[in-house]
Each structure stands twice: as structure tokens, then as C-alpha cells.
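What follows is a single structure, written as C-alpha cells, with notes after it.
What follows is calculated from the coordinates using simple rules that are stated; it is not laboratory data. This is a predicted model, so every value here is computed, not measured. Backbone-built Cβ (ideal geometry, glycine too); neighbour counts: all protein chains shown.
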Amino acid sequence: FSHNDRNREHNLNIRRIVTDSAGNKTYFNQYSSLPSDHHNNSYRLGADYELTSKNKVGFLVNGYFNNEQDINTNKTFVGTQPGVTDSYLNTLSEIDQSYHNFALNLNDKLEIDTSGQQLTVDLDYSKFNNNSIAHYDTYFYLPDGSTQMPPNLLKNQTPSNITIRTAKVDYTLPINKGLKLETGFKLSGVKTDNNLQAQKQVGGKFVNDSTLTNRFVYDEKIDAGYVNLTRNFKNTSVQAGVRAEYTSSMGDLITSKEVVSRHYLNFFPSVFINHTINDKNEIGLNYSRRIDRPGYDDLNPFVYYLDQYTYQKGNPFLNPQYTNNFELNYTYNHTINLSIGYSRTTDVITQILETDPVSKATFQTNLNLQTQNSYNININSPFTINSW
């Protein structure tokens, strides 16, 4: 069990110019103080039991219960000319957040024979319960400090529940002294339920704000299997494999009746070749393809405000990104290592800033960009400074 308390102070200053469709410019100068207070608790309990000398079963329970409080102050000056303030707004927000997680793993490892043939089974269940209660009070002023318009008082509740279930089986078979087969499959299911309940104060009472209230439910199922072969020759080792994944997902934006449904099959091959030239020289060539899916928070379309001109929101239409990696590596005398790498990623998940030309608000979200090409060279070697 562990516990920690943490305080964070974050100060933000944003200057920006927003141009509308007619070419008119609006100048924003914004100052934010964002202190936060965190209290975190985590626990872990596990045990293994040997049924026989070749069969071991175990369980693991872990989780956390954390909470966070944010009391933010945000002041934004607005003008149609540089350095001139036509009006300003002051947003005071208080956000209380709680995060709870419980996870259970059951596992069994069976050593079938002394050659290394084995079978492992893992069953996992995980539950996340997160909740946020936020108050946003915005006051509007003229340059002389007089009130420009009545305040805008909002209250949000955003309960979020995530349930994850997985079952995984892995099998290893040494076929002979130089050849090994590994194979397995995995079934996983995820369901998230996010319910944004937004209210605004009207006549001294908080009433539902239908323009902001929303509910987003996301279901995802992934069926995956792999096969991998490792072959050792006299001076060369080769490992080659492929993983197949079939994904079915559905994002349901219930309030606006928007549904994003996807079904796709992917293959992810990999090859690793290492060759020993002589006692002092080794060379290797690697290739692999992988997938990175958007996080559940990134898919959640809810809006989180700094003020009415600055906020962030998720994107339920995000696609996964795919990366092909290539690497050539060389080792001299088991000490000097050189590697040259190249990767190409398509549908790159990228955090960007966009502007709403009507409301003149700037918001942060994630989009898929077309491609990203990355190149790298790495050289490393140990160096002894002194005998000690």
C-alpha cells in the first residue's frame, strides 16, 4: 500500500489573435492560475501456489483510490486592436475529481515437459470509476471595471465508468535444438460510459443546459492471435512472426444521436535477424508494424473549459495510427553500438489547436494527420573514467 500527497502550481499566459471570415481581428491576452491538490492511494496483493512442480497458479489484485481538487482563476482581456482592452472576463472554477480503480488477474502456468514446452493462461478484469464535479463562474467587465453583463454560472457533473475484460492463452513449443514456436490468442472487451450533466443558473436556480449535456458510450472488442518462429543457426538467429487483430467498435453519442461504428482486420508482421560476423562484429536488421489506438479520453467528445474562449474536447471520430519500423544495428567488440532507424506512421494522432471563427474560441483537440516520417541514428558506448 502506498500513499502520497502532492501540490502543483501551474501558471499559464496565452496571447493570440483570432481572424474571422471577414478578416476582422480580435486580440486576446489571457492569464491563468491553476493550482491543484492531489491525494493518491494505491494497493497491491498477490500470491502464487504450486499445484505441482510443473503447474503454478496465482492471483493479483491491485487498484487505487485518488482524489484531486483544482481551484482555478482565469482572466482574459479582449480587444479589437493590439494593446487595447474593450472588455475582459474573469472565470473562477472549482473542480473536485475522484478516481477509483480495481483490477483482478488470475493466471496459470503449466510446464509441460523439461524441453521448455509450456502453456500460460491469464484472465483479467479491471473497473474504473471516475467522477468530476465542476463549478464555472464567469463575470464580464468593461475596461473601467464596471459590469458588462450578468455573470454566467455553470455546474458540471461528469461520471465516467470503464470496464475491461481480457482472456489470454500463450503456448511455447521448442521443436528442436535450434527451432522454437510460440503462438497464442487474446480476447478483450472494453466498455466506457461517460455522462456529462451540465446545468446553468437561471433565476437563482440551476437548470439543465441541453446545449452542453451529453452522454457518450463506447464499446470495443478485439480478437487477436499470433504465431512466432525463432530459428538459431551457427552464427545467425532469425525471429519472424505475425499478429492478426479483428476489431469491432461503436461510439454512441446518445444525446445528439451520432454513432461511429467500425470493423476492421489488421495484420502486424515482424522480423528480427541477427548475425555474428566474428568475435568483434555483429549486425542486425529488424522490421515491425504496430497499431496505436486513441485513448478513451481522446475519444470522449466532452468539453473541458478554461473559459468560454479556451477549452479542450475529445474527438469520437479519431482513427488508430499505424507505424512501420525499420532498424539496422551494428555492434563492435560487444561495447560500441550503432543503430540507424526509420519509421513511417499513417493517420498520426496529433494534438492541435483549432479556432471557431463564430464564437472566436480556441480549443485543443486531437486529429489524424496523414503521415509522419521519422529518422534516427544512435551511437552508444561505455567509457571507464576511473577504476572505482
Here the tail fraction of P(r) beyond 16 Å, over all Cα-Cα pairs of the stretch 217-297, rounds in percent to 66
Hey, what does the equivalent ellipsoid look like for the stretch 129-232, semi-axes from the Cα gyration tensor as sqrt of 5 times each eigenvalue, largest first, whole Å? 57, 16, 9
Taking 0.36 nm per residue of separation and subtracting the Cα-Cα distance, what length does fully extending ASN228 through ASP86 add? 44.5 nm
Could you state the per residue volume, in Å³, of the convex hull enclosing the Cα atoms of the stretch 12-72? 180
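Give the value in nm², to one decimal: projected area of the alpha carbon convex hull of the stretch 14-168, averaged over all directions.
With every direction weighted equally, the projected area is 15.6 nm².
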At most 16 other Cβ within 10 Å, DSSP loop - chymotrypsin sites (Phe, Trp or Tyr not before Pro), the stretch 195-301: PHE233
With label points built 7 Å along Cα→Cβ from the Cα atoms of PHE102 and THR19, find their separation and express it in nm. 5.6
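What number, in percent, do you get for the relative contact order of the chain if the mean sequence gap of Cα pairs under 8 Å and at least 6 apart is divided by its residue count?
It rounds to 8 percent for the chain.
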For the stretch 105-255, please report how many Lys pairs fall under 19 Å Cα to Cα, leaving out neighbours fewer than 8 apart on the same chain. 16
Using only Cα atoms, figure out Rg for the stretch 283-374 and give it as a multiple of 2.2 N^0.38 Å. 1.57
Using R₀ = 56 Å, calculate the FRET efficiency as 1/(1 + (r/R₀)^6) where r is the Cβ-Cβ separation of THR147 and ASN41; round to 0.05. 0.80
To the nearest 500 deg cm²/dmol, what mean residue ellipticity at 222 nm is calculated for the chain from DSSP H runs of n ≥ 4 alone, each contributing -39,500 (n - 2.57), summed and divided by the residues? 0 deg cm²/dmol
Residue by residue through the stretch 311-326, what is 3J(HN,Hα) from phi via Karplus (6.51 cos²θ - 1.76 cosθ + 1.60, θ = phi - 60°)? Round to whole Hz and write x for glycine and proline. 7, 10, 8, x, 9, x, 9, 5, 9, x, 10, 10, 10, 9, 10, 10
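May I ask you to derive the relative contact order of the stretch 263-310, considering only C-alpha pairs under 8 Å and at least 6 residues apart, and to give it as an integer percent?
Worked out over the stretch 263-310, it gives 28 percent.
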Which whole-Hz ³J(HN,Hα) couplings does the stretch 181-194 yield from phi under the Karplus relation 6.51 cos²θ - 1.76 cosθ + 1.60, θ = phi - 60°, glycine and proline marked x? 10, 10, 8, x, 9, 8, 10, 9, x, 10, 9, 10, 9, 10
Quote the relative contact order of the stretch 115-197 in percent (integer), defining contacts as alpha-carbon pairs under 8 Å separated by 6+ residues. 34
What are the ³J(HN,Hα) values, in whole Hz, obtained from phi via the Karplus relation 6.51 cos²θ - 1.76 cosθ + 1.60 with θ = phi - 60°, for each residue of the stretch 37-52 in sequence order, with x given for Gly and Pro? 10, 10, 9, 10, 9, 9, 9, 7, 9, x, 7, 10, 9, 8, 5, 9
Consider the candidate values [x] 24.6; [y] 28.2; [z] 19.4; state which one is mean projected area of the Cα convex hull in nm² computed from the structure displayed. [y]
Looks like the stretch 181-318, by Cα gyration tensor root eigenvalues a ≥ b ≥ c and the a/c under 1.5 rounded cutoff (else prolate when a/b is bigger than b/c, oblate otherwise), is prolate
Would you give the gap between the C-alpha center of the stretch 25-92 and the C-alpha center of the stretch 134-170, rounded to a whole Å? 13
